[in-house]
Amino acid sequence: MIAVPRRLRLGKKDRSSLLVALPFVGPWVIGFLAFTAYPIYYSFTISFTRYSGFGEATPIGLTNYQHMYADPLFWKSMYNTLYYVALAVPVGLVIAIALGLAMNQRVREVAIYRAAIYAPSILPVYALTFIFIVLLNPRFGFLNYVIVTLGGPSINWLGDPGWTKISVVILAQLGAGGPALIFLAAIRGIPSELYESAALDGAGALRRFVYITLPLLTPVILYDLILGLILGLQIFTPAYVLTQGGAGAGAGQYVAGPDNSLMFYVLYLYKTAFQFTDMGYASALATVLFLVSVVLALAIMRTSKSWVHYEVT
Amino acid sequence: MTVRTVERPLAVEQRPRTGRRRQRPLAGLFQAAVTPRVILIGMCVLYVVPFYWMATTALKDNPELNIYPPTLWPQAPNPGNFVSAVRYIPFPQFFINSVILTAGTAIGAGISNPLIAYGFARIRWPGRDLMFAIVMATIFVPFPVLILGLFDVFTKLGWIDTFLPLIVPAFFGNPFYIFLMRQFLLQLPIEISDSARIDGARELQIFWHIILPLAKPAVAVVIIFAAVAAWNEFLLPLIYLQDESRYPLAIGLQFFRSQHNVQYNLLMAASTLVVLPVLGLFLAFQKFFIEGVSVGAVKG
């Protein structure tokens, strides 16, 4: 990587190559400045002001951050989101690896199974949420019908604050087909000689999985963990749809689901900014989300040196 | 569902059959043919049941929705629910809006990402690798962090409550698609470009006349992914659009939920109509989807 150019003054050849590249990369540079760099700068600066979105922003120093510290809904939404991520990311990882292994089976019609498992992952999340509202209906839904028929309890999936987040975790698993395909490609990339020599040594399927497959999947696992974490912290659509986005019963209030159990961080940010037009506080929330995402991602990266293998040792 | 049953190898070559040899014929047959099928079919059932429930609920009449135990097949399937669902909300208007947003985004992605990826893959310039690292880093910026600033940008441009904030950014590239295109362009031999350069071709000509025709499969993947993402997008139209006449289906379908008595059969009928175009696109372009996703695994 060229972190710092060796010569500060570019040679003639370098300058002309920049001019050649400009028409290609130029659009990205403009887009980056306008749609990524400026918005980050904006959130950061507005977070130190009181601003309704119209007129002038009034500087108020750290007041928004002090307010956040004392704001029970901030903590509630942070708790809900971290609870969701702590559950959804590992569950999603295990399911994606299991699906990837299953898709690797030598069965003639495996493409059909692969298609059926992958297809839900490209469907709109809001539509999947609608389906879950019907599927998880405590009295007339299919899921409880199956559970009760098997002798289990009738669960109030979307009405009991203890189950609402679990419901969203289950919903998210409909999207596991995408990561599963990435794991499938990685599994197929493992050299077959490794399995052959292990089989000669008498290693069973489980041992081969633990000592060959799993270590060689760790780079993909790391990628999936970090992306799952970043996307999990952004969970919004299911919570918005399930709680009707503040329309109807809870209109004009900071309410999302029974006991606010579906008040996820980004839903709280959205409501603060666009339903209550408190742009200053919403910007502070956005800045904190950014910091939390970066810190958690870096923490995972730091641990990765001890468990990610780029080749078999 | 008719799915093409041709087994396509993924980006990486399939490994030959390994593992234990068949010592005992019957047990071996069971292990090779029956067990994996039972597992796979079991997994598929979990992924198909929600859509079965969606389709059958869409066909049920109102009284049947409140029967316990729920009927697994509609007593008298009523396709009229689809008509009612479409009339219940301004469905055609929402549909047209969704199509415009999807097409605009797909066109933008199809133009910008190959161009940008070419600049990172096939031209040498000082600072290129650092700049590409920044492109990759933006994947990890949580999108909600940007929405307030984006709202400010588009307010200043006077674009709020128009389709522009939803379409125009697609013309400036997306890190995932830039990465995907770049991976593809790196595989094309550099000699192709070199010989054209010797003949005096300019870089844009090489891109347009030589590289782009070779990169058509990758461009197709980008266009398809961008189209599906735009069709599915929820948060952005929610923020930028205010007037009902401009709502896409994602926002328009919320009307079914804001009523006191939600008509679940109509909601499911509308959901079916939203899901079907995506499923159709998937069945038509299955190999593009599957190969496109797999690029993520080949990364260094």
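The values are calculated or read from the model by the stated rules, or taken from the named source; none is laboratory data. Model, not experiment: these values are computed from the prediction. Positions of Cβ are generated from backbone atoms using ideal geometry, with glycine treated the same way; all protein chains shown enter the neighbour counts. Side chains are part of the model used for accessible areas, which takes the heavy atoms of the whole protein and leaves out ligands, DNA and RNA. Shrake-Rupley method; radii C 1.70, N 1.55, O 1.52, S 1.80 Å.
For the reader, a short list of remarks on this structure follows.
- Residue in the range B:116-139 that is under 20 Å from the mean Cα position of the chain (by Cα) and within 7 Å of another protein chain (Cβ to nearest Cβ) present: yes
- All of (1) polar (S, T, N, Q); (2) under 30 Å from residue A:183 (Cα atoms); (3) modelled with pLDDT under 95 hold for residue A:81 with one exception: (3).
- Counting residues in the range B:40-54 that are under 22 Å from the mean Cα position of the chain (by Cα), touching a residue at least 24 places away in the same chain (Cβ under 8 Å) and more than 30 Å from residue B:219 (Cβ to Cβ) gives one or more.
- Residues that are at pLDDT 85 or above number at least 3 in the following helices (runs of 4 or more DSSP H) confined to the range B:1-104: B:35-58, B:62-65, B:80-88.
- Residues in the range A:175-213 that are at positive phi and either in contact (Cβ under 8 Å) with a residue 60 or more places away in the chain or facing chain B (nearest Cβ under 9 Å) (or both): there are none.
- In the set (1) of a type in the set (A, V, I, L, M); (2) free of Cβ contacts under 8 Å to residues at least 40 places away in the same chain; (3) touching a helix residue (DSSP H, G or I) at 6+ places or on another chain (Cβ under 6 Å), the condition left unmet by residue B:109 is number (2).
- Scanning the range B:144-166 turns up no residue that is assigned to a loop (DSSP other than H, G, I, E, B), facing another protein chain (nearest Cβ under 9 Å) and either under 28 Å from residue A:233 (Cβ atoms) or open to solvent by less than 20 Å² (accessible area, probe 1.4 Å) (or both).
- Condition check for residue A:306: surrounded by 22 or more Cβ atoms within 10 Å (Cβ to Cβ) and either touching a strand residue (DSSP E or B) at 6+ places or on another chain (Cβ under 9 Å) or at pLDDT below 95 (or both): no
- Filtered residue count, the range A:97-136, keeping only those that are at the interface with chain B (Cβ under 7 Å from one of its Cβ atoms), of a type in the set (Lys, Arg) and buried (at least 24 other Cβ atoms within 10 Å of the Cβ): 0
- The residues listed here are B:41, B:123, B:134, B:116; of these, the one that is in the same structural domain as residue B:196 (by TED's automatic domain parsing) and open to solvent by 20 Å² or more (accessible area, probe 1.4 Å) is B:134.
- For the range A:137-147, the candidate set comprises residues that are surrounded by 18 or more Cβ atoms within 10 Å (Cβ to Cβ) and among the hydrophobic types (A, V, I, L, M, F, W, C); within that set, the residue that is farthest from residue B:229 (Cα to Cα) is A:140.
- Of the helices (runs of 4 or more DSSP H) lying entirely inside the range A:148-259, those containing at least 2 residues that are open to solvent by 40 Å² or more (accessible area, probe 1.4 Å) and farther than 27 Å from residue B:267 by Cβ span A:192-200, A:205-208, A:214-233.
- Scan of the range B:184-195 for residues that are outside any helix (DSSP H, G or I) and exposed (fewer than 12 other Cβ atoms within 10 Å of the Cβ), ordered by number: B:189
- Selected residue (only one of A:22, A:18, A:62 is modelled with pLDDT of 90 or more, closer than 30 Å to residue B:111 by Cα, open to solvent by 50 Å² or more (accessible area, probe 1.4 Å) and among the aliphatic types (A, V, I, L, M)): A:22
- Being open to solvent by 60 Å² or more (accessible area, probe 1.4 Å), under 26 Å from residue B:134 (Cβ atoms) and in the same structural domain as residue B:120 (by TED's automatic domain parsing) is not true of residue B:180.
- Pairs linking a residue in the range A:145-162 that is within 15 Å of residue B:68 (Cβ to Cβ) to a residue that is small (Gly, Ala, Ser), with Cβ atoms under 7 Å and 6 or more positions apart or on different chains, are A:148/A:154.
- Failed criterion for residue B:236 (all others in (1) in contact (Cβ under 8 Å) with a residue 60 or more places away in the chain; (2) open to solvent by less than 30 Å² (accessible area, probe 1.4 Å); (3) over 16 Å from residue B:114 (Cβ atoms) hold): (2)
- Of the residues B:198, B:223, B:210, the single one that is more than 13 Å from residue A:28 (Cβ to Cβ) and either open to solvent by less than 40 Å² (accessible area, probe 1.4 Å) or at pLDDT below 90 (or both) is B:198.
- Within the range A:130-147, the residues that satisfy the criterion of being in a loop (DSSP other than H, G, I, E, B) and either within 22 Å of residue A:84 (Cα to Cα) or within 26 Å of the chain's Cα centre (by Cα) (or both) are A:136, A:137, A:138.
- Output for the range A:26-41, where each listed residue is buried (at least 21 other Cβ atoms within 10 Å of the Cβ) and closer than 13 Å to residue A:287 by Cα: A:39
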